[in-house]
Amino acid sequence: MTATISTAMKTSKPLAVAIMGPTASGKTAAALAIAQHIPSEIISVDSALIYRGMDIGTAKPTAAELAAVPHHLIDILDPSDAYSVMQFREDALRLAADIVARNKLPLLVGGTMLYFKGLRDGLDELPQADPALRAQIDSEIALHGLAALHARLAVLDPVTAARLKPNDSQRIQRAMEIIQLTGQPMSSLLSRSAPVTLPFELMSFALEPSDRSVLHDRIARRFDLMLNSQPGLLEEVSHLRARDDLHPGLPSMRCVGYRQAWEYLDHHISLSELRDKGIAATRQLAKRQLTWLRGMQDRIVIDCLSENPAELMLKRLKGQELPLG
């Protein structure tokens with residue numbers, strides 16, 4: 001028997017559940033299993049799943065999975081478009097409120113930790129991007145090099161420059177853009193951020209591996225499946241690459257797997273190099289995701305290699321006085 005969601009929790013706020021974890025940790029499967037017991041809707045927390053036409057390389061849920069449980073923030077943008085953390089937070093808060101109003105449990109599922117952080121901690125009051133100024137900064141980089149821009153940032157905002165890698169072009173550009181738009185260093189603006197309160201109680205599960213080598217094997221098998229399926233990753237990227245408005249510098253095309261496939265199609269690397277670089281990049285992504293997770297003190301760690309992670313989550317949800325049937 002399925003459950004109904006009661007808002008009579010330990011607080012007056014409704015409950016929302018975050019299912020976080022590195023790539024290939026089984027987040028989607030766990031969410032779908034929970035939804036079999038609790039009426040739920042899934043809000044994707046994934047910066048790649050937002051793009052239409054990018055299905056294979058993003059391991060997008062299948063048509064059957066999408067039909068089994070309502071999903072949100074999947075296939076909402078063309079790959080030529082951009083999507084900010086601010087847009088995600090606004091969409092996620094609106095969707096969660098709508099889901100609660102339907103007497104269902106919002107499940108926030110994904111591995112884009114910056115989105116989770118923006119949702120939980122709020123957003124810094126920084127100015128919106130200015131395309132004209134960004135183009136001017138791009139011209140400066142083309143003329144003088146990124147190292148010169150980073151050195152200039154070190155003079156204007158040494159705190160921000162110290163935490164950015166010298167080759168982190170996107171963040172260096174953003175820091176310089178903020179200085180020119182506001183007349184103040186980014187570090188100064190960030191220090192004024194006020195704490196935020198969510199309109200729901202967020203119970204955060206983290207699917208983390210007890211043996212990282214097993215996760216690495218999962219990543220390799222999944223990447224091989226992406227390459228060898230018909231159609232596969234190369235066919236998907238080839239189709240995207242044929243468009244006049246897409247290029248490797250776009251956020252969509254910088255996604256792991258797509259970047260390496262584009263390099264191969266440009267004849268810069270071999271097929272074996274594509275595989276090796278793609279798997280290595282995915283493992284690095286998983287490492288970064290796990291580093292983010294370790295910094296979240298209130299997360300509930302679930303071994304993603306256990307026999308039934310969803311069952312362990314359901315037991316914890318029962319502790320929240322949910323009538324689970």
Residues of the stretch 127-160 being hydroxyl-bearing (S, T, Y) and either assigned to a loop (DSSP other than H, G, I, E, B) or more than 13 Å from R174 (Cα to Cα) (or both), which ones? S139
Restricting to helices (runs of 4 or more DSSP H) lying wholly in the stretch 51-125: which have 3 or more residues that are more than 16 Å from the chain's Cα centre (by Cα) and in contact (Cβ under 8 Å) with a residue 12 or more places away in the chain? 85-101
All positions within the stretch 275-302 that are over 17 Å from the mean Cα position of the chain (by Cα), in contact (Cβ under 8 Å) with a residue 24 or more places away in the chain and farther than 14 Å from M20 by Cβ: R275, G278, I279
Does A29 fit the bill of being surrounded by fewer than 20 Cβ atoms within 10 Å (Cβ to Cβ), over 25 Å from L246 (Cβ atoms) and free of Cβ contacts under 8 Å to residues at least 60 places away in the same chain? no
Those residues of the stretch 100-124 that are within 20 Å of R174 (Cα to Cα) and among the aliphatic types (A, V, I, L, M) come to a total of 3
Residue pairs qualifying under the 8 Å Cβ cut-off, at least six apart or on distinct chains, with the first in the stretch 239-250 being more than 18 Å from A82 (Cβ to Cβ) and the second being part of a helix (DSSP H, G or I), are R241/W262; R241/L265
So which residues in the stretch 198-224 are of a type in the set (F, W, Y) and within 30 Å of L95 (Cβ to Cβ)? F200, F205
Give the residue, chosen from D121, D75, D91, that is closer than 14 Å to L198 by Cα, of a type outside the set (A, V, I, L, M) and surrounded by 16 or more Cβ atoms within 10 Å (Cβ to Cβ). D91
From E235, E263, residue being surrounded by fewer than 21 Cβ atoms within 10 Å (Cβ to Cβ), at pLDDT 95 or above and over 28 Å from D168 (Cα atoms): E235
From the residues in the stretch 154-173 that are crowded, with 18+ Cβ neighbours inside 10 Å and touching a residue at least 24 places away in the same chain (Cβ under 8 Å), which one is nearest to R134 (Cα to Cα)? Q173
Please indicate, with yes or no, whether at least one residue in the stretch 197-213 is of a type in the set (S, T, N, Q), surrounded by 20 or more Cβ atoms within 10 Å (Cβ to Cβ) and in contact (Cβ under 8 Å) with a residue 12 or more places away in the chain. no
Within the group L240, L233, L246, L285, which residue is in the same structural domain as Y51 (by TED's automatic domain parsing), under 23 Å from V109 (Cβ atoms) and in contact with a Leu (Cβ under 6 Å, 6 or more places away or on another chain)? L233
Taking R243 as the residue in question, decide whether it is modelled with pLDDT of 95 or more and either surrounded by fewer than 16 Cβ atoms within 10 Å (Cβ to Cβ) or more than 22 Å from T28 (Cβ to Cβ) (or both). yes
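The values are calculated or read from the model by the stated rules, or taken from the named source; none is laboratory data. Values in this document were obtained by computation on a predicted structure and should not be read as measured data. Neighbour counts are summed over all protein chains in view; Cβ atoms, including those assigned to glycine, are modelled from backbone coordinates with ideal geometry.
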